[in-house]
Amino acid sequence: MSVLVLVVDDEPDVEALFRQQFRRDLRAQRFVMDFANSAAEALARIAECQRREGHYEQALATLKKAQALSTDSDEILFNESLTYDALGRYPESTQILNGLVTRSAKPDNHYNDGEKNNRSIFLDRLANVEREQNHTEAAVNAYKQLVALGGEYAERGYQGEVDAYRDAKEYEKATIVAREAAKALPGNKSMQLMLAGQLADTGHAEEGLALAEALEKSAHRLRPLPAQNL
């Protein structure tokens, strides 16, 4: 078991100074060093270590202390949801995650990169906890909100929807989502292959094979020609 040295200080240059001072010990892996800007953040890090070591009740108690110092910390709440999940207390985990999803929402759906990343983490975790409870439609709803973030999040959201329906053996719904994803992201090969695979698995082998062959031909046309010496 690694020894954790947790340094609590709000000065921005403290981490660099400590890492320089103890660089030989860190390289030799005599201990692990982490840093926190406040007592609440430090308690959250301690709770995370307790959770990873399987001391879930201790982790919850530590998180309660952290919440008393910082009542609006998303990090503390998220760690609490993870701990409840590990204990199998899914309703409590779901309640916290729904709160985080609601807090992170913007009416105009315009987010900066950091906000998108945080919201995607909350949504993905919420969907997983709902799937653990066999709440398929609730999980799909979370994935749909992930799709709404666009870009790589949309791909993850569509894949999550299909996987959730497949886990629930609702294959027709999975195919509908796969078609929707392929139409919404026509240039995304992963989404096209997902549809091809779904079609092949649900009795539409010819359509799935035709789509897969079309993708292969398209990829072949786009391959660069090998360089030739003149």
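The values are calculated or read from the model by the stated rules, or taken from the named source; none is laboratory data. For clarity, every value in this text was computed on a predicted model and none was experimentally measured. No Cβ is skipped: glycine too gets one built from the backbone with ideal geometry, and neighbour counts run over all protein chains shown.
Scan region 172-203 for residues that are touching a residue at least 24 places away in the same chain (Cβ under 8 Å), under 24 Å from the mean Cα position of the chain (by Cα) and surrounded by fewer than 16 Cβ atoms within 10 Å (Cβ to Cβ) and jot them down.
ALA184, LYS189, SER190
Quickly run through region 106-141 and pick out the residues that are among the polar types (S, T, N, Q) and farther than 20 Å from ASP72 by Cβ.
Residues of region 106-141 among the polar types (S, T, N, Q): 109, 112, 117-118, 120, 128, 133-134, 136, 141.
The answer is ASN109, SER120, ASN128, GLN133, ASN134, THR136, ASN141.
From the list ARG179, ARG103, ARG166, pick out the single residue that is within 27 Å of ILE76 (Cβ to Cβ), among the basic types (Lys, Arg) and either part of a helix (DSSP H, G or I) or modelled with pLDDT under 95 (or both). Reasoning before the result, please.
On the way: ARG179 fails: within 27 Å of ILE76 (Cβ to Cβ); ARG166 fails: within 27 Å of ILE76 (Cβ to Cβ).
Unique residue meeting the criteria: ARG103.
Starting from residues that are in contact (Cβ under 8 Å) with a residue 24 or more places away in the chain and not in a helix (DSSP H, G or I), keep the ones in region 106-132 and report whichever is nearest to ALA142 (Cα to Cα).
This residue is ASN109.
Can you pull out the residues in region 17-73 that are closer than 26 Å to LEU87 by Cβ and of a type in the set (Phe, Trp, Tyr)?
In the first step, residues of region 17-73 are kept if they are closer than 26 Å to LEU87 by Cβ; the result is 32, 34, 36, 39-73.
TYR56, the sole residue that qualifies.
Select from region 60-86 the residues that are without any contact (Cβ under 8 Å) to a residue 24 or more places away in the chain and part of a loop (DSSP other than H, G, I, E, B) and write down the one among them that is surrounded by the fewest Cβ atoms within 10 Å (Cβ to Cβ).
Top of the filtered list is ASP72.
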